[in-house]
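K.L.:
First the structure, then my questions, so here it is.
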């Protein structure tokens, strides 16, 4: 999924994770936007922009595998070795 998101001219980096909410599992994505992506988000609003990203993924993924939650961040949290910090990424979704 991350590779497909990064194929969009709007996305420079992405990380997805499976989240447990009550008895339901959902997919969430943290996304770093390009300058074009930032402009599209501003021009279209968050709801339309997220819908466009979901549409972009539909050619490759089943609807159940497309993220339901999105966070647009400046950078994906990493440690000093460059490994992604999953707890910090998960925290992005519990703060909202």
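The values are calculated or read from the model by the stated rules, or taken from the named source; none is laboratory data. Values in this document were obtained by computation on a predicted structure and should not be read as measured data. Positions of Cβ are backbone-derived with ideal geometry, glycine not excepted, and every protein chain shown enters the neighbour counts.
K.L.:
Considering only residues that are assigned to a strand (DSSP E or B) and within 20 Å of residue 74 (Cβ to Cβ), which ones fall in region 6-23?
P.N.:
Once the filter is applied, which keeps residues that are assigned to a strand (DSSP E or B) and within 20 Å of residue 74 (Cβ to Cβ), region 6-23 yields 11, 12, 13, 14, 15, 16, 17.
K.L.:
Just one of the numbered conditions (1) under 13 Å from residue 16 (Cα atoms); (2) in contact (Cβ under 8 Å) with a residue 24 or more places away in the chain is not true of residue 85; which one?
P.N.:
Checking residue 85 against (1) under 13 Å from residue 16 (Cα atoms); (2) in contact (Cβ under 8 Å) with a residue 24 or more places away in the chain, the one that fails is (2).
K.L.:
Let me ask something additional. Of the conditions (1) in contact with a helix residue (DSSP H, G or I) (Cβ under 7 Å, 6 or more places away or on another chain); (2) under 20 Å from residue 3 (Cβ atoms); (3) surrounded by fewer than 17 Cβ atoms within 10 Å (Cβ to Cβ), residue 19 satisfies every one except a single condition; which number is it?
P.N.:
Failed condition: (2).
Residue-by-condition table, conditions (1) assigned to a helix (DSSP H, G or I); (2) modelled with pLDDT of 95 or more; (3) more than 14 Å from the chain's Cα centre (by Cα):
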{"position": "4", "(1), (2), (3)": "yes, no, no"}
{"position": "25", "(1), (2), (3)": "no, no, yes"}
{"position": "31", "(1), (2), (3)": "no, yes, no"}
{"position": "38", "(1), (2), (3)": "yes, yes, no"}
{"position": "50", "(1), (2), (3)": "yes, yes, no"}
{"position": "72", "(1), (2), (3)": "no, yes, no"}
{"position": "81", "(1), (2), (3)": "no, no, yes"}
